[in-house]
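Heads up: the structure comes next, in structure tokens.
The values are calculated or read from the model by the stated rules, or taken from the named source; none is laboratory data. On a predicted model such as this, the values are computed, not experimentally measured, just so you know. Note: ideal-geometry Cβ built from the backbone for every residue, glycine included; neighbour counts use all protein chains shown. Note: areas computed on protein heavy atoms with side chains; ligands, DNA, RNA excluded. Shrake-Rupley method; radii C 1.70, N 1.55, O 1.52, S 1.80 Å.
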Amino acid sequence: MFKYILWDIDGTILNFKEAEKRAILQCFKELGLGLCSDEMLSTYSSINDSYWKSHERGEISKGDLLIRRFEDFFRVYSLEVDASKFNNLYQIRLGDTAVYNDDIKPFLLKIKNNYPEIKQCAVTNGTAVAQERKLKNSGLDRILDYVFISEKVGTSKPDKEFFERVFELLLKNTDGKESESFNEKAIDRDEVIIVGDSLTSDIKGGMNAGIKTCYYNPDKLSYSDEYRVDYEISNLNELENILF
């Protein structure tokens, strides 16, 4: 049985595209920028995805990513907007929307209530402002045992260092003190599984960390065999057949 589930948040447990859409529309409204059409939203989403993949490859810092994606977006539509100001508001509004994928919340509660020996952890590259707000509004902060946000960990998925730091914090019960609830001196990698929708972030990260990987692939997309996918699911509730 797995003792640790490392859950990706955006695009896995929570519907990121819906949160992204609502956040941008609200920012346009609050800043008096007029209508943001579906076409514009699609354009932004493509730009954003491209920047995050560059970040995962180590080609751009997260700080630069957050601003430059909006600079590129506004340039496409000839909008004179302070990208930094827009991003600051966007991070707040992004945390306002929390829609669960596959109605997974009851399953998360089942694990928490019936299998206390399994520790559920969030592992996310999202910003602390957005993620902490999102976790609170969704109730995930009261369900998950631990939350690991890349900004606070000091590095991001898929870097091996991110996971090494996560394992170190788990052994110390995340507060820097030795935990009475753990007797092991090291995390058994065979007892850890990461569940996520990103091949380049979650699956690659799991590979780098030497843990089991579960690819959440609701659209049943094809992918290269360079990725070691131990399990593949199209609905998050299918994880029950893997865990128990």
For the range 122-132, which positions are out of contact with any Asp or Glu (no Cβ under 6 Å at 6 or more places or on another chain) and either surrounded by fewer than 20 Cβ atoms within 10 Å (Cβ to Cβ) or not in a helix (DSSP H, G or I) (or both)? 122, 123, 124, 125, 127, 129, 132
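Residues are listed down the side, and each one gets a yes or a no for (1) among the charged types (D, E, K, R); (2) modelled with pLDDT under 95; (3) under 19 Å from the mean Cα position of the chain (by Cα):
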{"position": "41", "(1), (2), (3)": "no, no, no"}
{"position": "48", "(1), (2), (3)": "no, no, yes"}
{"position": "58", "(1), (2), (3)": "no, yes, yes"}
{"position": "74", "(1), (2), (3)": "no, no, no"}
{"position": "77", "(1), (2), (3)": "no, no, no"}
{"position": "91", "(1), (2), (3)": "no, no, yes"}
{"position": "102", "(1), (2), (3)": "yes, no, yes"}
{"position": "111", "(1), (2), (3)": "no, no, no"}
Contact list please: Cβ distance under 7 Å, first residue in the range 46-66 and touching a residue at least 60 places away in the same chain (Cβ under 8 Å), second residue assigned to a helix (DSSP H, G or I) and not basic (Lys, Arg), pairs at least six apart or on different chains. 52/65; 53/200; 55/65; 56/200; 56/201; 62/55; 66/87
Could you identify the single residue in 238, 226, 232 that is in a helix (DSSP H, G or I) and at pLDDT 95 or above? 238
Could you tell me whether residue 24 is open to solvent by less than 20 Å² (accessible area, probe 1.4 Å), part of a helix (DSSP H, G or I) and among the β-branched types (Val, Ile, Thr)? yes
Among the candidates 1, 40, residue that is among the hydrophobic types (A, V, I, L, M, F, W, C) and closer than 30 Å to residue 192 by Cα: 1
Only one residue in 153, 123, 129, 147 is among the hydrophobic types (A, V, I, L, M, F, W, C) and closer than 28 Å to residue 35 by Cβ, so which one is that? 129
The number of residues in the range 208-223 that are in contact (Cβ under 8 Å) with a residue 24 or more places away in the chain, part of a loop (DSSP other than H, G, I, E, B) and open to solvent by 50 Å² or more (accessible area, probe 1.4 Å) is 2
Considering only the range 143-160, I want to know if a residue exists there that is open to solvent by 40 Å² or more (accessible area, probe 1.4 Å) and without any contact (Cβ under 8 Å) to a residue 24 or more places away in the chain. yes
Considering each residue of the range 112-121, count those that are surrounded by 20 or more Cβ atoms within 10 Å (Cβ to Cβ) and part of a helix (DSSP H, G or I), and give that number. 0
Residue within the range 33-44 that is touching a residue at least 12 places away in the same chain (Cβ under 8 Å) and closer than 21 Å to residue 101 by Cα present: yes
